[in-house]
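Asker: The structure is given below, and queries will be raised subsequently.
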Protein chains: 2
Amino acid sequence: MGEIRKTMVKIGGRDYMMRGFESEEYIHKVAIFVDKKMAEISKCQPNLSTSMIMVLTAINLADEVIKLKAQTETLEQQVSEMKSVISKTAAPTLVDSRKMRTGK
Amino acid sequence: MGEIRKTMVKIGGRDYMMRGFESEEYIHKVAIFVDKKMAEISKCQPNLSTSMIMVLTAINLADEVIKLKAQTETLEQQVSEMKSVISKTAAPTLVDSRKMRTGK
C-alpha cells in the first residue's frame, strides 16, 4: 500500500477533498464519472434537489455495479468452461493419434 | 418495455419514491445495496454529514463500476481468444486425422 493522497475534486458544482491510496489522476477520473452521471439525471429531471440527484446517482451506479457483477460472474463461468473444453480437446486428440498410429 | 413502476425505498434513513421499469424486488435490492454502502462509510467516518456520505457512496460505487468494466473487458477478450484457440485446435485435428488415415 502507498501513502494516503489528498485530492480536491468538483462534483455537482461543489468541491470535495478526497483521501485515498489511488493516484490523483484516477480519483479525478472517478469524480468526473460521478459528475457526468449527476448531470445526466439533472438534465432529465431539472426540478430535482441536489440531494435527490445524488441519491438517484448512487442508485443508478449501484444498479450498474449489480449488473456488471452478474456479467463478470457469467464471463468467469464461460472462461472456466472453455478452459475445460480446451484441456479435454487436447487430451483425447493425443490418445486418438496414438490409437491410429498403433492401428488399434 | 413494461410499465413504469413506483416503489418506495429507504436509503440512509429517508424514504424515496423510485420510478422505473425494473421489478419492485430489484429496486429494493439496489436500494439496500446503496444503504449498506452508506452505512459502511458512516461507520468508518461517523462525523460526516449525510450529503458527504452520499457523495462518498457515489464515489465508491463509481470506482466499483470503473473497475468492474475493466474486468469485464479483460474477460471478454479472454473469452474471444479462447474461442479462437478452440476453433483452431478443432480444425488441425481433423486435418491430421485424415492424413493419418490415408497414410500421408
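Read the figures in this text as sums done on the coordinates, not as results from a lab. Quantities reported herein were computed from a predicted structural model and do not represent experimental measurements. Cβ placement follows ideal geometry from the backbone for every residue including glycine, while neighbour counts extend to all protein chains displayed.
Asker: Once you've got the Cα coordinates, tell me which of A:Lys67/B:Lys29; A:Lys6/A:Lys43; A:Lys6/A:Lys29; A:Lys37/B:Lys6; B:Lys6/B:Lys29 are over 19 Å apart.
Answerer: A:Lys6/A:Lys43; A:Lys37/B:Lys6
Asker: Let me ask something additional. Could you give, in nm with one decimal, how far A:Ser80 is from each other copy of that position, shortest first, with labels 7 Å out from Cα toward Cβ?
Answerer: 2.4
Asker: Please identify every one of the GluC sites (Glu not before Pro) in region A:1-85 that sits in a loop by DSSP and has no more than 11 other beta carbons within 10 Å of its own beta carbon. Intermediate results must be reported in sequence, preceding the final value.
Answerer: Numbers: sites: A:Glu3, A:Glu22, A:Glu24, A:Glu25, A:Glu40, A:Glu64, A:Glu73, A:Glu76, A:Glu81; in loops: A:Glu3, A:Glu22.
For GluC sites (Glu not before Pro) across region A:1-85 that sit outside H, G, I, E and B with at most 11 neighbouring Cβ atoms in 10 Å, the list reads A:Glu3.
Asker: Is region A:1-50 best put as rounded, prolate or oblate by its Cα gyration tensor, with a ≥ b ≥ c the root eigenvalues, rounded for a/c under 1.5, and otherwise prolate when a/b is larger than b/c, oblate when not?
Answerer: Numbers: a/c = 4.11, a/b = 2.64, b/c = 1.56.
In terms of gyration-tensor shape, prolate.
Asker: Okay, next question. Between B:His28 and the same site in the other copies, what are the distances in nm, shortest first, taking label points 7 Å from Cα along the C-beta direction?
Answerer: 4.4
Asker: Now for a different question. At A:Cys44, label 7 Å along Cα→Cβ: distances to the other copies, nm, ascending?
Answerer: 2.8
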